[in-house]
Structure formats: C-alpha cells, structure tokens
Amino acid sequence: MSERRKHLEFLRKTAKDAIWSGDYERALTLYEDGLALARSWKDREIEDLFTCNRATTLLEMDRQDFDLSGLKEIVLRSPGSPNAVLAAYASAHAHEVRGEYAKASFYAQSALQKSRDLRLEDWTAASLNLLANLELHESRFVEARSLFQEALEGFDAKGQSQSREAAVVSDNLGYCHIALDAVPIGLPLVHRSLSLLESLGSRQAMDYPCLDLCFASLKMNRVEEAESWGVRALGLGKEFGRNDVVKNAHYLLAETYSELGRDDAADEHYEALSGYYPNFPALKNYLHQISLMGMINLRA
C-alpha cells in the first residue's frame, strides 16, 4: 500500500471511530479532507469511496446536502467493485430517510447481492440490517426478525460477535422479539448490546437499547426500571439529536408515569410529545384516555 493510501485509510479509520463516539462533525471533516486529497491526486476509486463515506455521515447527521444521483452513478460506473456496494447502501439509506421505502429496498437488495458476490461479509451484514429496518418501518416484525438473525449469525461466524456493528444488530433483533411479546428472548439480546456498546465507548449507539429496555420493562410492569431506562434514552436522544428516540422516549415515559400515578410528570411528557404533532391538537387528551402500548412501533 502506498503512503498516500495509508494516509487516506488512516483518515477513514479515525472518522469511523469518531462516528461511533458521536462526534459527527469531526468525522465529516476527516471524510471531506480525504475527498479533497483524492480529487487532488486524481484517484477516482478513492474519491468514490470518500464520497460514499461523506454521504453516509451526513445522513447520520439528519442532513441531505449531498448528490444522491452521484452515488447512483458510482453504482452504474463500477458495478462489480466494493464502491458499488457502498454507493448502493448509501443510496438505500438516503431513500429510507426520505420515507421512500420501495426505492430504499431496491438499492438495499442491490447492496446485499453485490456484497455477497464480492464476499464482503461486513457489508452483507450491514445490508441485511438495513433491509430488516425497512421491514420494521412497515411493522413486519417477523420478516425483520429473520433478517436480523441472519446478520447476527454472520457476525458470529466471522468471530465478530463483540463488534459494535454486531451489538447494533443484537439490539434490533432483541427489539423484534420484545415487540412480538417474546420479552424473555429479546431482553438478553438488548442487554448484551448495551453492555458491549458501553464497553466500546459507543455512546451514540446506546440510545435505542435504552429505549428498548424501557419498552420491555413497561411490558413486564416493571415501571421503576422503565423510568430509569426511559430517562436515559431521552438524555441520549437529546445529546445526539435523535428526534425519533426523543419522541418515543417521551411517550414511554408518559405511560410510565401514568402507571406510577405521577400525573403531573406524565402530562409533561404528553405535552412534549404533542409538539411533534401540531396538526393533532387533541393528542394529549387522546393519549390520556387510550394506551398505544399494544400498537406502538419504536422503529416506524
């Protein structure tokens, strides 16, 4: 490997570590530095790689100021290369964020097939995880569970069960079991995920496990535990700008405080939740009367 390639690979590794720690701005700066260097050196392959990495990072930041058509051009220009896998994956994620699930599924399937053809196991697992998340958006928990299980088995087969990526899949699989009322099966998977992410310093990925544990605790009528996990999930969601986590944490905490008889605290969270639905002014009163615990999808 040339010195230039070594330097760019160092930038990518450092950026990836920054993402897992939640420092998205640093990761974005590193990827943009790498992209500028690749362009100055007229290295199209590396330029495409950093283009995909930059787009994926922006999506994690809830930003879409990148050229989606450019990602799709990479897929078409280099159909049998690893960059095509990354570009297809990033395109799928972009469509997912936009709520364009059919298009997201098309590109996720493309990423999965290409990763399998090239025997890129890490990206095979990532593509399976993305396809499973798309199933979750539509509340197809059984289908999602099978895909998450396949992804996790892939990590186990490669000896990567202790990786951050495997931890995320473990949580997703655990959530599926919990949503399907198989809480005793799902709970250990979520606890495993949280413990592993915490030990690896991946704070930005700990929000959903905490949310899932709050959900599971409520299902088991362990309301004090639910409060603890819900407060933790809410804090992490606010820290890393995860509006979906914040919204769901408010609902679960409102349900928790209602169960505890702490109506003022419950009302505070119902009020916060109402802010996400300005066209439904009666939402707070509606939720005071009807529990959605049997219908809620924390990944919708």
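Every read-out reported here was derived from the displayed coordinates using simple, explicitly stated rules and does not represent laboratory data. Being a predicted model, the structure only gives us computed values, none of them experimental. Using ideal geometry, Cβ is built from the backbone for each residue, glycine included, and neighbour counts are taken over all protein chains shown.
Of the residues making up the stretch 201-251, just one is hydrophobic (A, V, I, L, M, F, W, C), within 18 Å of Asn172 (Cα to Cα) and not in a helix (DSSP H, G or I), namely Met206. Look at Ser274 and say whether it is in contact (Cβ under 8 Å) with a residue 40 or more places away in the chain and more than 20 Å from Leu180 (Cβ to Cβ). Against the criterion (in contact (Cβ under 8 Å) with a residue 40 or more places away in the chain and more than 20 Å from Leu180 (Cβ to Cβ)), Ser274 does not qualify. Those helices (runs of 4 or more DSSP H) of the stretch 66-169 in which at least 2 residues are surrounded by 22 or more Cβ atoms within 10 Å (Cβ to Cβ) and over 17 Å from the mean Cα position of the chain (by Cα), considering only elements entirely within it, cover 68-77, 82-97, 101-117. In this structure, Ser193 qualifies as small (Gly, Ala, Ser) and either within 25 Å of Ala144 (Cα to Cα) or buried (at least 23 other Cβ atoms within 10 Å of the Cβ) (or both).
In the stretch 180-195, the residues that are under 17 Å from Asp156 (Cβ atoms) never reach a residue that is outside any helix (DSSP H, G or I) with C-beta atoms less than 8 angstrom apart, at least six apart or across chains. Taken together, Glu224, Glu271 contain a single residue that is under 24 Å from Pro209 (Cβ atoms) and not basic (Lys, Arg), which is Glu224. Gly241 meets the conditions (1) under 25 Å from Tyr24 (Cβ atoms); (2) surrounded by 23 or more Cβ atoms within 10 Å (Cβ to Cβ); (3) of a type in the set (Gly, Ala, Ser) in every case but one. The failed one is (2). Whether any residue in the stretch 18-31 is farther than 19 Å from Glu165 by Cβ and of a type in the set (Ser, Thr, Tyr) is what I want to check. Within the stretch 18-31, one or more residues are farther than 19 Å from Glu165 by Cβ and of a type in the set (Ser, Thr, Tyr). All of Ser195, Ser217, Ser202 fail the test of being of a type in the set (S, T, N, Q) and under 29 Å from Gln109 (Cβ atoms), apart from Ser202.
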